[in-house]
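All remarks here apply to the structure that follows.
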Amino acid sequence: MSQQPQAKFRSDYQSPEFIISDIDLVFDLNDTNTLVSATSKVQQLKQSTDLLLEGEGMKLVSLKIDDVEYSDFTQTDTQLTIHNVSGDFTLTIITEINPQENTALEGLYKSGDGFCTQCEAEGFRRITYYLDRPDVLARFTTKVIADKEAYPHLLSNGNRISQGDLDGGKHFVHWQDPFPKPAYLFALVAGNFDVLTDTYKTKSGRDVALEIYVDQGNLDRTPHAMTSLINSMKWDEERFDLEYDLDIYMIVAVDFFNMGAMENKGLNVFNSKFVLAKQETATDTDYLGIEAVIGHEYFHNWTGNRVTCRDWFQLSLKEGLTVFRDQEFSSDLGSRSVNRINNVRIMRGPQFAEDASPMAHPIRPEKVIEMNNFYTLTVYEKGSEVIRMMHTLLGEANFQKGMKLYFERHDGTAATCEDFVLAMENASGIDLTQFRRWYSQSGTPVLTVSSSYDDAKNEYALTVKQHTPATEDQTDKLPLHIPFDIELYAQDGLVIQLRCNNEKVSNVLNVTEEEQTFIFEQVSEKPVVSLLREFSAPVKLNYAYSDEELIFLMVHAQNDFARWDAGQMLLANYIRKNIANIQDDKELVLPQSVVDAFRGVLLNAELEHAFIAEMFVLPNHNEITGWFDTVDVDAIDKALGFIKQTLATELKDEFSATYHSLKQGSYSVEHDAIGKRALRNCSLSYLAKTEIGEALVEAQYQDADNMTDTMAAMGAANAAELSIRQTLMNDFSAKWSHDGLVMDKWFILQGSNPSSEALSIIKETMNHKAFSLKNPNRTRSLIGSFAGGNAVNFHSKTGEGYAFLGDILIEMNESNPQVASRLVDPLLKFKKYDSDRQSLIKAQLQRLADLDNLAKDLYEKVTKALA
Ligand code: TRP
Ligand code: ZN
């Protein structure tokens, strides 16, 4: 590294010295040399007469102040400083950029045949020199000029104010966005699309035009996105009383995109993965993902756009809150318990792992080198859990009062996390002083609970200790305010009312001290306790449950989540036990009582199908890794394989009956139909481990009329290493190699192939005509699934897996540092492995550290890990 990247600190925030109130942009689009003219009304707010603008990777063509050529400026690689300016003035800057060569997919770039932009977090500075910070809000107009035949659609934020033809086969469209916005919400798209249109009447009676733009030929894959958008608009009116504010809402699907989607004002840009679906190409998981992401970006219009972030350290203000909102949306429309289970899996797996890694940070980070590195599970998912805890503490009515107050105070401005908490506190009258520590403290708290029952007094006591272990970013931890939801059951399964000091009390206990004892009165028998119901706080729970108690809760707990969680804890006990048995060369065990408990779940006709399927999903490798200081990759794999095999063998008849009874005549994406497919395909994944599996998998692959069933057959063949696997893989690739999105599913199976040949097959697969390292979806599917989801092969003692990832990262450090920086994550966690593997991984990190052009993104992570 020639010049070491510098960190920014949250505590250094200064309000802007200059602001821009209005900006008029003109784009003359060309593949390799696009001209951007930006005319801004600038206003000096403080004494400084140096106007510092951000800008990277552009050619400055001209600079004028109040229409006169101006030369009193200095430039670095990343900044333009204009000297001796004051008061109000007009600044006109013309820059030249090269969208064709922009493989980083930030700023203006080409995706396929079209142009598009990505400006969050700091991409606008690759378009023009600007005050590229979220607390500078300007009114934008945008004139887009391009060849008319190649780019019939020219889009930007807001309303179309004029359009027309120009010389040389060009045309233009002029857009005006009436809402002041930070530059990160700017968007421009140009291309030749098919468009699905609809309209939505808001609850106050305004008509909104809805338009979804997709590559030509994909119109038959857009109806689900449109339905999801309309459902989102309706839900936000009903649940949050929030209405859309422009006359038009556009969504564009692009194939080259670093993330899921982007909430640009009035013009969302989506990864095509989160728009396109029809039954032949998309799985049920894809359908639900589209609903969630369409909702997420739509909900940002209020939580993100109308109220935006003061600075990027406040990212969770919009992301945590918007994830909370999209989770509630999915839960209100579909199965609340299944949604909760899946969100909790993400917390316990990858989010807890992030807390345990060198990248540990609070949901409101203190120190950032590359902002793109902080679009994390911590900011998004734990951020959402923090909002959810406030919702639990306040209740829905007070929470909604808090939201109203938040918008009353901050609509049209750039706010902070503190502003949000204060609104919640003021609206509800509930003291959140200690609760605020969730914003500043990183790491996963551990709750250690013990109980005792006093026969003579009829009292039950719970002692709760909390402790947050030091993280790599922060050593000293304080006690947090933890909402701890519990329930007591009598042996007959009836709920025991909680009473303290002769009064009925809520199920949500306020844990605030390092150690606290709660005494419950009038408990006439020794109860079974259900702890951390609904995962009421993002913590690890330690409690010495017996098998009998867990089996009791699997049957009797009042809510599905608690039943699922009891099942997970029971499985966890035997996964741990068997890992130890493998290490001690002892026989592996899974008691009949455990098998029978799961048999009971499978046969319980009262449970939702989708929920039963979740009960049978074992904790995955990554989640189990989090239970240990040093992990034994192969032992985890063997223990999981043993449990899956035992359940498969013991419950073969029940799985088989379930499988056959759930065959559906015709396909639909109704939630009930999705649930039936989920349980049927879960049964198939177990049956694949028995002698009848091969024939069932093959028949299902042949008969499938939808991608969910096709992929379930292929996934089962892959995981169980059936001999039919290769035949199915070949057939699928021949059928779909023209369709990158569909091939992603195939690339994931190649990446997660459990065969010991996996790595050489993956290397060969990189030559597949549908594969390209330039496309983030392809890269994540093949390489990401190998590094993040194929533990045994990636962590092969030979170190070949690590070296392979090292090679790819060196290449992507130049082409797309943002995607490279996500792929590096598995290497950062080397401390979890034995010393041989540690040195092999560190050698790869060192290779990266030694590069003389290491991008900020990788620099930040690699230096933290090696420190
Ligand atoms: N704001 C986007 C979301 O949450 C995230 C996003 C999309 C993003 N593209 C990005 C973040 C590029 C960083 C860089 O939906
Ligand atoms: Zn978001």
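The values are calculated or read from the model by the stated rules, or taken from the named source; none is laboratory data. Being a predicted model, the structure only gives us computed values, none of them experimental. Ideal geometry is used to build each Cβ from the backbone, glycine not excepted, and the neighbour counts take in all protein chains shown. Surface accessibility is based on the protein's heavy atoms, side chains included, excluding ligands, DNA and RNA. Shrake-Rupley method; radii C 1.70, N 1.55, O 1.52, S 1.80 Å.
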Going by amide H atoms built from the backbone, whose H comes under 5 Å of the H on Phe18, apart from near neighbours? Leu45
Amide H to amide H under 5 Å from Leu532: which residues, 5+ apart in sequence or cross-chain, H placed 1.01 Å off N in plane? Asp485
Counting other Cβ atoms within 10 Å, which trypsin sites (Lys or Arg not before Pro) in the stretch 35-140 have at most 15 and lie in a DSSP loop? Lys46
Give me the distance between the Cα centres of the stretch 115-155 and the stretch 481-521, rounded to whole Å. 54
The answer for the chain, accessible area per residue at 1.4 Å probe in Å², is 38
Taking the chain and dividing mean pair separation by its residue count, relative contact order in percent (alpha carbons under 8 Å, at least six apart): 9
Among the trypsin sites (Lys or Arg not before Pro) in the stretch 757-850, which ones are in a DSSP loop with at most 16 other Cβ atoms within 10 Å of the Cβ? Mind listing them? Lys769, Lys774, Lys797
With a 1.4 Å probe and every protein chain kept in, tell me what percent of the accessible surface of the chain is carbon plus sulfur. 47
Could you grab the relative contact order for the stretch 487-582? Cα pairs under 8 Å, six or more apart, rounded to a whole percent. 24
Amide H within-cut-off set for Leu541, under 5 Å, with H built and near neighbours excluded: Leu447
Would you kindly find the accessible area of Ser440, with a 1.4 Å probe and non-protein molecules such as ligands, DNA and RNA excluded, rounding to the nearest 10 Å²? 40
Under the Karplus relation 6.51 cos²θ - 1.76 cosθ + 1.60, θ = phi - 60°, what is the ordered set of whole-Hz ³J(HN,Hα) values for the stretch 350-356, x standing for Gly and Pro? x, 6, 4, 5, 5, 4, 8
Using all alpha carbons of the stretch 410-470, what is the percent of pairwise distances in each 10 Å bin, ordered from the shortest bin to the longest? 16, 28, 27, 19, 8, 3, 0
Work out from phi, with θ = phi - 60° and the Karplus expression 6.51 cos²θ - 1.76 cosθ + 1.60, the ³J(HN,Hα) of each residue of the stretch 533-544, listed in order in whole Hz, and give x for Gly and Pro. 4, 6, 6, 5, 8, x, 10, 8, 10, 10, 8, 7
Show me, for the stretch 26-40, the HN-Hα J-couplings you get by feeding each phi into the Karplus relation (A = 6.51, B = -1.76, C = 1.60, θ = phi - 60°), rounded to Hz, glycine and proline as x. 10, 10, 9, 7, 8, 3, 10, 9, 9, 9, 10, 10, 10, 10, 10
If R0 = 56 Å, then Asp67 and Ala397, at their Cβ-Cβ distance, give a FRET efficiency to the nearest 0.05 of 0.50
Take the Cβ-Cβ distance between Asp585 and Ser331 as r, set R0 to 60 Å, and report the resulting FRET efficiency rounded to the nearest 0.05. 0.85
Cα principal axis extents for the stretch 379-489, largest first, Å: 60, 38, 21
Computed over the Cα atoms, what is the radius of gyration of the chain divided by 2.2 N^0.38 Å, N being its residue count? 0.97
Grab the Cα-Cα distance for Ala456 and Arg206, subtract it from 0.36 nm times how many residues apart they are, and report the gain in nm with one decimal. 83.3 nm
Need the C-alpha centroid separation for the stretch 169-231 versus the stretch 14-49, integer Å. 26
First check a/c for the stretch 1-124, with a ≥ b ≥ c the square roots of the eigenvalues of its C-alpha gyration tensor; if it is under 1.5, answer rounded, and if not, answer prolate when a/b is larger than b/c or oblate otherwise. oblate
Report the calculated FRET efficiency for Asp634 and Glu691 (r = Cβ-Cβ distance, R0 = 25 Å), to the nearest 0.05. 0.45
Take the alpha carbon atoms of the stretch 365-407, find their center, do the same for the stretch 588-658, and report the distance between the two centers in whole angstrom. 33
Looking at the stretch 559-628, which trypsin sites (Lys or Arg not before Pro) are DSSP coil and have at most 13 other C-beta atoms within 10 Å of their C-beta? Lys586
Relative contact order (%) - the stretch 736-835, alpha-carbon pairs under 8 angstrom, separation at least six: 25
Mind scanning Lys735/Lys774; Lys46/Lys367; Lys652/Lys831; Lys477/Lys829; Lys477/Lys864; Lys64/Lys774 and naming the pairs with a C-alpha gap bigger than 28 Å? Lys652/Lys831; Lys64/Lys774
Can you give the helix-only mean residue ellipticity at 222 nm for the chain, where every DSSP H stretch with n ≥ 4 adds -39500 (n - 2.57) and the sum goes over all residues, rounded to the nearest 500 deg cm²/dmol? -12000 deg cm²/dmol
